[in-house]
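Take a look at the structure below.
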2 protein chains.
Amino acid sequence: MNQQVGIGSLCFSKTPFIISTGSVVGKKEGEGPLAACFDVIGTGDEKFGEENWEAAESALQKEALTVTLGKINRQATDVRYLFAGDLLGQTIASSFGLKEFEIPMFGLYGACSTCGESLSLASMTIAAGYADCVVAVTSSHFASAEKQFRFPLEYANQRPKSATWTVTGSGAFLLVSEDKMTEWKQKPLARITGVTTGKIVDFGIKDSMNMGAAMAPGACDLIYRHLQDFGRTPTDYDKIVTGDLGTVGSEILVDLLKGKGYDISAVHEDCGVKIYDGEKQGTGAGGSGCGCSAVTLSGHYLKELQRGRLKRILFVPTGALLSTVSFNEGQTVPGIAHGVVLEHVE
Amino acid sequence: MNQQVGIGSLCFSKTPFIISTGSVVGKKEGEGPLAACFDVIGTGDEKFGEENWEAAESALQKEALTVTLGKINRQATDVRYLFAGDLLGQTIASSFGLKEFEIPMFGLYGACSTCGESLSLASMTIAAGYADCVVAVTSSHFASAEKQFRFPLEYANQRPKSATWTVTGSGAFLLVSEDKMTEWKQKPLARITGVTTGKIVDFGIKDSMNMGAAMAPGACDLIYRHLQDFGRTPTDYDKIVTGDLGTVGSEILVDLLKGKGYDISAVHEDCGVKIYDGEKQGTGAGGSGCGCSAVTLSGHYLKELQRGRLKRILFVPTGALLSTVSFNEGQTVPGIAHGVVLEHVE
C-alpha cells in the first residue's frame, strides 16, 4: 500500500518509473556548463520558428514531449494523462503547446515549482493505478517571462546581482508503472519513491528582483517537513537539489535549515546555479523559471541517477507566487516548493 | 479497486464523500434565482473589505474555505491537501487567499473548468488513500476578471449578447474518505463515483466575447467520451450540468452532441444560465468564471443531491484557454472541460 507519511508526504509502494525524458533549451543554456546534457539546443533567435515569444515557448513544450515519446518509439495515444504548466498568465505556453497531442490534461500552476508539482501528481496517478503511462512537462522562456513579469527587453534595464535569469527551456518526463515498463521492455532512468507537497510560505519579501530570498523560506519548510516526515537526515540523500534559488537564495536556505537543526551544505545543489556560468554568462544569481529545474533534472540529474553515480536525491523545485498585478499592488512574494524523491534502479 | 475506464476516465470503488461546502457570492448573484442557496452574500461594493479587486477575490476564497470548515467544526489542520485555482494571471487569488491556512497545496489552472479539475484531483487523492480529508476551492470575481481579460470597468464598453458575465463568487468542497466520515459522524452531501478528464479542443473560434461557442466543442468531447467510457446514455443522469456555456454555448453543445448520436436536451442544464435572470439582470448569455460552476454546485445541486431530488448528475465545468496576450496575438480560443459524477447517498 502507498502510505501517507507525516504532514503532506506520501511513500509509494508500487513506485512509478521515469523511462524517458526530453530537454529542449535556448542558445544561452546550450553555452553553459550543462551544454552536453541537453537533447535539443536552439540556434539563437530564440523564436524556435514561431512568430512571438509565447508561441516559441509553446514550441519548446511540444518539442520536449515529442523528443520524450520519440526516444522510446511511443505515440501520444500511449499517454493517459498530461500534467503541465508554465509561468505565463493563464498558462498559455502549455495550452497552445500541447493541444495537438489530444491527451487528457491537468493544467497546473505553481510558478517555478510546477516541475515538482507535475512530477508529484504524475507519480501519485501512476502509483494509484489510475494510469500506466503519464507525462509531466513544464517550460519557461527568457523573453516571454521578461515581458510577463519585468520590463520589455528593448528597455535594456539594469539588473541587480540578486536577480535571476529565466531559463529558456522545457523538460518532459514520461512515467510508467512497473508492468508497463516490462511490457515495453524499457530500462528505467530512475524511480520515484515518495513526494512531499509544499505549503505557501510568506516571509514578507517584496523585492521581485530577489526571488531567491522570497523562495528560500518555502524550500526550507518543505525540506524540513520532508526530513521529519520520512525520519531522515540530509546524509540520507546524495544530493538535495533545489530548483532556482540561485546563489543568494541558496545561502539563505542553508542558513535557515541550520537554524532548524539540519545542515544540508554538504549535499545541497541548485539547478539555477548549475545551469549557467554566472561569471562568464552574466546571469546574476543564477537561472530560474519552470524550465530551469525541468531541463537540469532531465539533462543532468536523471543521467547521474541512471548510471548510479547518485543513488537517491531529493528534488525540490521552488516557486515565487507573484504576478505583475500583485507586485504593483504592493503585495509580498510568497514562496512554495514541492519535493520529489528520485532513486537509482539497480 | 479503482478502475481505469476507457480514455481518461476513472471509476472509484472506495468513493470519496463531500461532507461540507461553502459558497460566497457578490450582490448581483445574491439577487438572482439562486439567491436563497448561498451561504454568504456580499453587500454591494464587491471589495469584501479589501483594497482592490484581486484582494477581494482572495477574500472570497478565504471565506468559502472558512465557512466550509466551520459548518462541521473542523480546522485547517484537519485538511491534508488543498486543490485550488482561479482565473487571474499566476492564480494570485488562490495564493493570497489561501496562504494563511498553511495547508499543502496543489495550484491548478484550467480556466473556468478549474472547479471540475480540482474536484477530479481531490477525489482521486481520497480514493487512492493518499488523504482522508482534502478541500477543492475555486473563485472568480467580475471586476478582477474584466480587468484581466477585457476592458477597465470605467470604459463602460458595450457587450454583445453572446458575452457572459463573470460571477463574483467562490465555492469550496470538503471531501473525505468513508472512514473519516464515520469517525467525524458526518452525513454526506453526495459521493463522487467517477471522473472523466478533459482534452484541449480547438475549433478555431477567435471571438473572446463568445466564450460559449469556444467552449462547447470541449464540453461535447468530454460528455461524448464520458458516455462512451462508462457505457451510459444521457438518461442515466438526472442532469448533465455544464459550467458556463451560457445560452449560446448550450445550444451549440446540444447540437454538437446530437450530431454524435446523443440527445442531452432533456437533461442538460448550465450553471451560467441558472445563476442569473438574464432578461432582468442584463447578464447577456449567462454567468461565467471558475466561481460560476463552483457556487452553483455548492449552493444548488449539492442540496438537490443530498435530498435525493437528484440521484446522479454529471457535472462538467467548462474552460476557455485564452489570455489577453494570446488573444492580442491573434490566437484561437481552445476549450477544455472536466467531468465529475456526483451521486445521492441513501
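Pick out the one residue from A:VAL273, A:VAL295 that is closer than 21 Å to A:LYS27 by Cα, over 10 Å from the mean Cα position of the chain (by Cα) and at pLDDT 95 or above. Talk me through it step by step, then tell me what you get.
On the way: A:VAL295 fails: over 10 Å from the mean Cα position of the chain (by Cα).
The unique qualifying residue is A:VAL273.
Output yes when any residue across the range A:37-57 is among the small types (Gly, Ala, Ser), facing chain B (nearest Cβ under 9 Å) and surrounded by fewer than 24 Cβ atoms within 10 Å (Cβ to Cβ), and no when none is. Outline the logic, then answer.
So the first thing to find is which residues in the range A:37-57 are among the small types (Gly, Ala, Ser), and the list is A:42, A:44, A:49, A:55-56.
Subset that is facing chain B (nearest Cβ under 9 Å): A:55.
Filter again for surrounded by fewer than 24 Cβ atoms within 10 Å (Cβ to Cβ), leaving A:55.
Within the range A:37-57, one or more residues are among the small types (Gly, Ala, Ser), facing chain B (nearest Cβ under 9 Å) and surrounded by fewer than 24 Cβ atoms within 10 Å (Cβ to Cβ).
Checking the conditions here, which among A:VAL176, A:VAL195, A:VAL201, A:VAL135 is crowded, with 22+ Cβ neighbours inside 10 Å, of a type in the set (Val, Ile, Thr) and more than 17 Å from the chain's Cα centre (by Cα)?
Details: A:VAL195 fails: more than 17 Å from the chain's Cα centre (by Cα); A:VAL201 fails: crowded, with 22+ Cβ neighbours inside 10 Å; A:VAL135 fails: more than 17 Å from the chain's Cα centre (by Cα).
After ruling out the rest, the residue left standing is A:VAL176.
Looking at the range B:1-36, which of its residues are of a type in the set (Asp, Glu) and either within 14 Å of another protein chain (Cβ to nearest Cβ) or under 30 Å from A:VAL79 (Cα atoms) (or both)?
The initial filter retains those residues of the range B:1-36 that are of a type in the set (Asp, Glu), namely B:29, B:31.
Within the range B:1-36, none qualify.
In the set B:ALA111, B:ALA136, B:ALA131, B:ALA127, which member is more than 10 Å from every other protein chain (Cβ to nearest Cβ) and of a type in the set (A, V, I, L, M)? Outline the logic, then answer.
On the way: B:ALA111 fails: more than 10 Å from every other protein chain (Cβ to nearest Cβ); B:ALA131 fails: more than 10 Å from every other protein chain (Cβ to nearest Cβ); B:ALA127 fails: more than 10 Å from every other protein chain (Cβ to nearest Cβ).
Every option except B:ALA136 fails the conditions.
Does A:PHE106 count as closer than 29 Å to B:ASP229 by Cα, crowded, with 24+ Cβ neighbours inside 10 Å and either in contact with an Asp or Glu (Cβ under 8 Å, 6 or more places away or on another chain) or among the hydrophobic types (A, V, I, L, M, F, W, C) (or both)? It would help to see each step written out before you state the result.
On the way: closer than 29 Å to B:ASP229 by Cα: yes; crowded, with 24+ Cβ neighbours inside 10 Å: yes; either in contact with an Asp or Glu (Cβ under 8 Å, 6 or more places away or on another chain) or among the hydrophobic types (A, V, I, L, M, F, W, C) (or both): yes.
For A:PHE106, the condition - closer than 29 Å to B:ASP229 by Cα, crowded, with 24+ Cβ neighbours inside 10 Å and either in contact with an Asp or Glu (Cβ under 8 Å, 6 or more places away or on another chain) or among the hydrophobic types (A, V, I, L, M, F, W, C) (or both) - is met.
Does at least one position in the range A:142-165 carry a residue that is touching a Cys at 6+ places or on another chain (Cβ under 8 Å) and either buried (at least 19 other Cβ atoms within 10 Å of the Cβ) or within 11 Å of another protein chain (Cβ to nearest Cβ) (or both)?
Of the range A:142-165, the ones touching a Cys at 6+ places or on another chain (Cβ under 8 Å) are none.
For the range A:142-165, residues touching a Cys at 6+ places or on another chain (Cβ under 8 Å) and either buried (at least 19 other Cβ atoms within 10 Å of the Cβ) or within 11 Å of another protein chain (Cβ to nearest Cβ) (or both): absent.
Residues that are crowded, with 20+ Cβ neighbours inside 10 Å and among the polar types (S, T, N, Q): list the helices (runs of 4 or more DSSP H) wholly contained in the range B:250-346 that include at least 2 such residues. Steps first, please.
Numbers: elements: B:271-275, B:278-281, B:290-296, B:302-307, B:324-328.
Passing ranges, in order: B:290-296.
Mind counting the residues in the range B:19-31 that are in a loop (DSSP other than H, G, I, E, B) and more than 18 Å from the chain's Cα centre (by Cα)?
Within the range B:19-31, residues that are in a loop (DSSP other than H, G, I, E, B) and more than 18 Å from the chain's Cα centre (by Cα) number 2.
For A:ASP229, indicate whether it is surrounded by fewer than 22 Cβ atoms within 10 Å (Cβ to Cβ) and either within 19 Å of the chain's Cα centre (by Cα) or in a helix (DSSP H, G or I) (or both).
yes
Kindly indicate which of B:LYS180, B:LYS99 is farther than 30 Å from B:SER250 by Cα and in contact with a Cys (Cβ under 8 Å, 6 or more places away or on another chain). Explain how you work it out, then say what you get.
Details: B:LYS99 fails: in contact with a Cys (Cβ under 8 Å, 6 or more places away or on another chain).
From the options B:LYS180, B:LYS99, the qualifying one is B:LYS180.
Sort out which residues of the range B:80-93 are more than 7 Å from chain A (Cβ to nearest Cβ) and either in a helix (DSSP H, G or I) or surrounded by fewer than 24 Cβ atoms within 10 Å (Cβ to Cβ) (or both), and write them in order of number.
B:ALA93
Which residue is farthest from the other protein chains (Cβ to nearest Cβ), if the candidates are limited to the range B:94-108 and must be part of a helix (DSSP H, G or I) and of a type in the set (D, E, K, R)?
Within the range B:94-108, the subset part of a helix (DSSP H, G or I) is B:94-101.
Pick out the ones that are also of a type in the set (D, E, K, R) and you get B:99-100.
On the way: B:LYS99: 4, B:GLU100: 9 Å.
Within the range B:94-108, the match that is farthest from the other protein chains (Cβ to nearest Cβ) is B:GLU100.
For the list (1) surrounded by 24 or more Cβ atoms within 10 Å (Cβ to Cβ); (2) hydroxyl-bearing (Ser, Thr, Tyr); (3) under 15 Å from A:ASP270 (Cα atoms), I need the number of the one condition that A:THR247 fails.
Result: A:THR247 fails condition (1) only.
Give B:SER139, B:SER123 a once-over and let me know the one that is touching a residue at least 24 places away in the same chain (Cβ under 8 Å), part of a helix (DSSP H, G or I) and not basic (Lys, Arg). Break it down stepwise before answering.
On the way: B:SER139 fails: part of a helix (DSSP H, G or I).
Matching residue, one of B:SER139, B:SER123: B:SER123.
The values are calculated or read from the model by the stated rules, or taken from the named source; none is laboratory data. Owing to the predicted nature of the structure, the values given are computational and were not obtained by experimental measurement. Ideal geometry is used to build each Cβ from the backbone, glycine not excepted, and the neighbour counts take in all protein chains shown.
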